[in-house]
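Some notes on the structure that comes next.
The values are calculated or read from the model by the stated rules, or taken from the named source; none is laboratory data. Predicted model, so just to flag it, every value in this text is computed and none were measured. Cβ: placed from backbone, ideal geometry, glycine included. Neighbour counts: every protein chain shown. Ligands, DNA and RNA are stripped out before the accessible areas are found, and what is left, the full protein with its side chains, is counted by its heavy atoms. Shrake-Rupley method; radii C 1.70, N 1.55, O 1.52, S 1.80 Å.
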Amino acid sequence: MKTLLQALGPVAQAVGDGLVLRPASERELVAVLAVLRDRQASLGAEVMLDRSALARLGAVQDRAMTLEAGAGVPVRVVESKANHARLTLGPLSPMAWEASVGELVEHPALAFRAVVPGRLEPIAAGITGVLADGHLVRSAVGPRHAAGPDLASLLVGGGGALGLVTAAVLRLMPLHDAEQRRLFSFGTFAQALEATREALSAGVTFARAVLRGRAGRTVGEYTLRGAAAQVDRELELLARCAEHVGGRFEGLGREAEVDGPEREASWADLASALGHGGSVELFRPALTSVIARGVAAHEFIPPGPLFKGLRAAFDRSHVLGRGP
Amino acid sequence: MIADRRPEQATSTCSFCPKACRFACPVSEATHSEALSAWGKMSAAHQVLTGARPMGADLASAVHACTGCGRCTAMCKHENEVGLTLFQVRGHAVQAGVQPRGAASTLATFQQAQNPFGREMGSLVASWRAQRPVKYPLFPGCSTLVKRPSLLEHTLALSEAFGAPMGVARSASKCCGYPLYAAGAMEAFGAHARAVAEAFEETPEVAVLDAGCAFTLVKLYPEVGVRLPCRVRTVIDVLHENLPHAPPAPPLAERVGYHDACHLGRGLGQYDEPRALLSKAVTAVVEAPSIRREGGCAGGGGLLPRTMAETAVEVARRQALEVAEEPSVLIVSGCPTSTRMFERAGRRAIDLVSLLERWVSQS
Amino acid sequence: MLEARGALEAVVRGRLSTRELDRLATGRDLWPLTLLWLRQGKVPPPPDAVVWPGTDDEVASVVRIARERRLALIPFGAGSGVCGGTLAVHGGVMVDLKRFDTIGPVDPVRRCVDVGAGVMGETLERRLAARGWTLGHFPSSIGMSTVGGWLAARSAGQLSSRYGKIEDMVLSVRGVLGTGERFETPERPFDGPDVAQVLLGSEGTLCVFTGARLRVHPRPEARVFRAFEVPSVERGLEAIRRVFREGLRPAVVRLYDPFDTTFVGRAKPASPRKAPSKRSALEATVLPGVLKRLAIETLGRPGLVNPLTRLATRSRLIFMCEGEAKHAAAEDRAIAAACLSMGGVDLGEGPGREWYRKRYDVNARLPRLMEAGTFIDTMEVSAPWDAVFEVYERVREVAGAYALVLCHFSHAYADGCSLYFSFVGSGRTEAEIEDRYQQLWRAALGAATSAGANVSHHHGIGLLKARAYQDSLGEGRHALATLKRLFDPDGILNPGKLGL
Ligand SMILES: Cc1cc2nc3c(=O)[nH]c(=O)nc-3n(C[C@H](O)[C@H](O)[C@H](O)COP(=O)(O)OP(=O)(O)OC[C@H]3O[C@@H](n4cnc5c(N)ncnc54)[C@H](O)[C@@H]3O)c2cc1C
Ligand code: SF4
Ligand code: SF4
């Protein structure tokens, strides 16, 4: 540990039995990883990486509605800066608000936001990061590209298994205070789920929804947030979608919540939870998946061969000490 | 004298085209071949026409890989007549002696017997001739005469039931000449058309059973400068006109899929008439994703069953799936050639006329 | 190749061709440079053979044989790419995927469908439409491109502002890596990176796609069109930006620059063209010569013609909202309010409907223009809102030295949009034309990227943009090289493309 400390230089600090590494730039992170690789050491409980010094917070780009932030910046700090410019990161899940930018962008589920019609889009319009092998990755500019494989995807949502994000250009949206809730009841939970999917596919972007069984029926309470006109438009659409599937309007709801850990869940997971008489709370609702409370933990799915291959290629020496 | 550069223009347009009709060609779809797309075949033909490559066996087989269905033309913003052009270019294969075997043998048979079956048709037609006056002289087409007498029986019976009695015309012993045209023997086709036109002089109006024959008489003859002295109608058109006189009968409890035969639909514009007839005869009609002007092809045209027999059947199999994925659905077509192709592909299929006959005969 | 022939033939059960016809037909895509060559009587080097595998295992066997014999393999969709992606620059074997042509049933609960890589776009969309669904992916090349080609080149359709690009529609992809291993990417939720996104866009250099599970949506109940005339490109761009900022998601957004507006502005119903095979002999002989002369005198002098295009200032802006009828109408009203506030003049639904009717017609202009001795090409890039106008101005300025430049803006997002430039040029000789073409691309792409755009929004890289792409990656090219080593260790897959 001592020689490692010396080799790492001022970036490293001894804390208790272990080390804390606090790189302040990409270059420093590259150097840190090089030393760890050389010494066949890994990040982990003993050698901890602290990205809080990657703390640069850029200016709000009002036209593109983006803001570049270092991986160590707390998401709440980004939000507060965005709010000053009347922008917001949007309706994130509670867990996301507690994360740093790096954790947010690397998280397999939190790294994506839901957009019309029920699609997912990376929260980061662009990232800079360092792969475990020490090479830098900077994503292509522009909102979308057809410029080869998406290299940013090695890091975005990658759980820090192949490399680490050092900074991200985060997508924002206008900050509006209109918020409305609606409660609908359905004959079955399958109908409630179908209505929810139909609403998403039709273009509703709700911030949160709670689905729960009540007196033999399933009720869905949907919260919409945004510009007043947009919320009104989407509320009407939501009502029509719900009615189309046989739902009945039941008033404004009462801001229900569901306890438990947040997980990324498929619609089958939601059906299973509701089928067992549970309640679910949905954040970041998309047709592909949702972030939810009230769903059971997944069985451990062994990482696929592609992922294993990528880890072997980029982190041959397991310097990141991460991943399954 | 300006040389006729139209085929060259047509093939040049395709060569520089971004394959805009790429998905349309049934032969290309059935063979999964880029070279046999309308673009591929026309690009190859262009090279022959401009002298960039000689007409060899390979190129000859490519220009023969076309049913002349016209689906590409329907999708083409230039309405480029690929089928017509490729059939013209087939003439170069005849000249170069590199015709595919099936096309060469069809041509040889035709030249001997004046029909593609090598049969003496006069006596066959005589055996069907009506014993009493009829309203519509009927031209069944030689393939029905030779291969499907039951269809002819149904036609005659049905026409009677619709109050529009038909009887086989004397001119029916002539083949319309389509095989010559499809083999690229354009001059022989022209001469044959003129001979047929003479035989038609005795009838002011004729009802044609086979959509391919009707298309040939109505659309292809003018291409070689021949206009028939009589009015040519399809049997379906005549039946449609007389539908109000059809005997009352409840629709058959059958779910059928309708196939727009190329020569009947795209060729002669008859989309609504067969549907109107069908909607009376059965309880449920399913439609394919692509219908009417954009409908698929059953693989029977352009000598394809002779030059690429397996491909022709595969074309039919795919079109049958397009019309109805479930094999239990009966496929109905207004063209006997299409019906035969569906049957060869192992599907339940019936001619519209035969189905109508079943419908009216229940009463 | 000859030694491998027997082995290959065995694994694809005879579906191999060395016929010149097949090799030539697959040996080029629709890269306009190859059309220039065609005019000169040249063809790109054809592959040695074409194979048509029909199962993932067959593809895997083909790859393994190619690895043993060090044969290049080029995946082939329908050859509608415009960047030379399927050119057999190192010879080898074309792997035509069109036997992967199944369209599975739509899963109405999960709203998805399994599709083979060789399915043609238009066939797929028609089949879905007949069942009441849509993929929402309508590239102008829908009639001539395959699902595999879309995946390989990150294609975008005309309705991408709502439905996203193809990579947004993918639930999972399957295929065979350059190692010969079969793969299927996991569906959400999963741990670790989204590997599908790492493979999408690889243009045949990392893997062969054989199929995908794609998101589908119910067919829209209604479509609402509206067009505006805006005083300038800047105002039009600002209107689009505001529309997206307000959370509106029209399916179609198209802003034509003033010169392009003069083309679309003539949105009269198209008069039926005379089929080339129907033209009189005189038209067929004399017309091409006249057009050629005209092209050289006008398009061959872009320096004279381009300034004229600056005289026009007003731009046309088209929107289309689709989906549930009342919602589409409500979105349309909100869009109208945003555009009117930017000085837009409401032109009603006519121009939008007309565009929709003729949305694939652009394909039809190509043959006439090419026959007339011109070159024509398009460059599509995207940029964040701050850079969009600058990219527009810089490219026009630089490219204007070589060709007539038109531009429209489509595929809009909350953070930026794509710019779609059309270049039409000519020259006195074929050599001069080709030279100009090459210079034009170097200059235009350089100008675009230095002003803040990426190298491609949806056409991909191929050979055409390989160098610019590699330059744009900076240090990221190491990551790309690592992916190449991992997934295609012997470099047999589509060598030369993406600069790999
Ligand atoms: C007139 C015109 C209009 C166009 N409009 C659009 C448009 O609106 N939007 C758009 O996105 N594109 C457009 N394009 C470009 C082109 O159609 C797309 O790039 C399309 O995705 C290519 O599909 P394809 O099947 O023809 O692929 P190909 O041209 O055959 O191949 C393209 C590339 O992908 C690789 N590839 C193909 N199939 C596979 C596979 N199964 N697995 C791995 N690699 C594969 C090839 O090796 C090649 O590198 C247009 C092209 C033309 C000519
Ligand atoms: S028929 Fe028309 S659309 Fe098809 S390749 Fe020829 S010119 Fe293009
Ligand atoms: S006419 Fe039919 S078979 Fe012939 S090229 Fe056109 S689409 Fe193919």
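In segment A:73-125, Cα pairs under 8 Å separated by at least six residues give a relative contact order of 29 percent.
Split the accessible area of segment C:2-99 by element, probe 1.4 Å, and carbon with sulfur accounts for 50%. The HN-Hα couplings worked out from phi for segment B:345-360 by the Karplus form 6.51 cos²θ - 1.76 cosθ + 1.60 (θ = phi - 60°) are 8, x, 10, 6, 9, 8, 6, 3, 4, 5, 5, 4, 5, 4, 4, 6 Hz, whole numbers, x standing for Gly and Pro.
When peptides A:174-183, A:277-286, B:208-217, B:142-151 are ranked by their average number of other Cβ atoms within 10 Å per residue, the highest-first order is B:208-217, A:277-286, B:142-151, A:174-183. The residue C:359 and residue C:69 beta-carbon pair, evaluated with R₀ = 41 Å, returns a calculated FRET efficiency of approximately 0.35. Taking 22 Å as the straight-line reach from the Cα of residue C:278, the lysines in range (excluding those fewer than 8 positions away in the same chain) are B:19, B:41, B:77, B:219, C:292.
Per residue, segment B:7-99 exposes an accessible area of 24 Å² to a 1.4 Å probe, with every protein chain left in place.
Look at the stretch C:195-203: the mean tally of other chain Cβ atoms within 10 Å of its residues' Cβ atoms is 6.
Partner shielding of C:412-421 amounts to 5, given as the average count of beta-carbon atoms from other chains within 10 Å of each residue beta-carbon. Solvent-accessible area per residue in segment B:247-360 equals 34 Å², computed with a 1.4 angstrom probe and all protein chains kept. Comparing C:144, C:37, C:367 along the charge dipole axis of chain C, the residue lying farthest to the positive side is C:367, per the Cβ-charge model.
The residues of segment A:60-75 listed by number as losing at least 10 Å² of accessible area in the complex, against the isolated chain and with a 1.4 Å probe, are A:61, A:62, A:63, A:64, A:65. Think of a 1.4 Å ball rolled over the protein heavy atoms: segment C:112-218 then has 18 Å² of accessible area per residue.
Nonpolar atom fraction for segment B:7-99, defined as the carbon and sulfur part of the 1.4 Å probe accessible area, stands at 52 percent.
Total buried accessible area between A and C, probe 1.4 Å, nearest 100: 5800 Å².
For the residues of A:113-119, the average number of beta carbons from a partner chain within 10 Å of their own beta carbon is 5. Using θ = phi - 60° in the Karplus curve 6.51 cos²θ - 1.76 cosθ + 1.60, the 3J(HN,Hα) couplings for segment B:226-235 round to 10, 10, 6, x, 10, 7, 10, 10, 7, 4 Hz; x is entered for Gly and Pro.
Report the FRET efficiency, 1/(1 + (r/R0)^6), for residue B:135 and residue B:224, where r is their Cβ-Cβ distance and R0 is 35 Å, rounded to 0.05. Intermediate results must be reported in sequence, preceding the final value.
Working: r = 30 Å, r/R0 = 0.87.
Working from the Cβ atoms, E equals 0.70.
For segment C:122-154, a decrease in accessible area of 10 Å² or greater in the assembled protein chains relative to the isolated chain, with a 1.4 Å probe, applies to C:122, C:123, C:126, C:127, C:130, C:131, C:143, C:144, C:154. Dipole magnitude for segment A:178-293: computed about the Cα centre from +1 point charges on Lys and Arg Cβ and -1 point charges on Asp and Glu Cβ, it is near 140 debye. A protection proxy built from the mean count of other Cβ atoms within 10 Å ranks the segments A:55-67, C:35-47, A:231-243, B:5-17, most packed first, as B:5-17, A:231-243, A:55-67, C:35-47.
Using packing as a proxy for protection, rank C:62-68, B:323-329 so that the peptide with the highest average count of other Cβ atoms within 10 Å comes first. Write out the running numbers ahead of the final one.
Values: C:62-68: 20.9, B:323-329: 15.7.
Packing order, densest peptide first, comes out as C:62-68, B:323-329.
Rounded to the nearest Hz, the phi-derived 3J(HN,Hα) couplings of segment A:243-250 under the Karplus curve 6.51 cos²θ - 1.76 cosθ + 1.60 (θ = phi - 60°) are 5, 4, 8, x, x, 10, 5, 10, where x marks glycine and proline.
Computed over chain B, relative contact order equals 17 percent, with contacts defined as Cα pairs under 8 Å that lie 6+ residues apart. Taking the accessible area of chain A, probe 1.4 Å, and keeping the other protein chains in place, the carbon and sulfur fraction comes to 53%.
Distances between placed amide hydrogens fall under 5 Å for residue A:88 paired with A:173, A:175, all partners being 5 or more residues away or on another chain. Of all DSSP beta bridges in the protein assembly as shown, what percent run antiparallel (nearest 5)? Rounded to the nearest five, the antiparallel share is 80 percent.
How about segment B:75-102: which of its residues lose at least 50 Å² of accessible area in the presence of all protein chains relative to their chain isolated, using a 1.4 Å probe? Correct list: B:77, B:78, B:81.
Starting from the Cα gyration tensor of segment C:317-426, take the square roots of the eigenvalues, sort them a ≥ b ≥ c, and report rounded, prolate or oblate (rounded when a/c is under 1.5, otherwise prolate if a/b is larger than b/c, else oblate).
Here segment C:317-426 falls in the oblate category.
Look at the alpha carbon pairs under 8 Å that are at least 6 residues apart: their mean separation over the length of chain A gives a relative contact order of 18 percent.
What does the buried accessible surface come to for C and B, summed over both chains, with the probe at 1.4 Å? Round to 100 Å². It would help to have the intermediate numbers written out before the result.
Working: alone 21560 and 15210 Å², together 32470 Å².
In total, this chain pair buries about 4300 Å².
Antiparallel beta bridges, as assigned by DSSP with both residues in segment C:2-99, represent about 20 percent of the total such bridges. Local charge sum around residue A:288 (other residues, Cβ-Cβ under 13 Å, Lys/Arg +1, Asp/Glu -1)? With Lys, Arg at +1 and Asp, Glu at -1, the net is +2.
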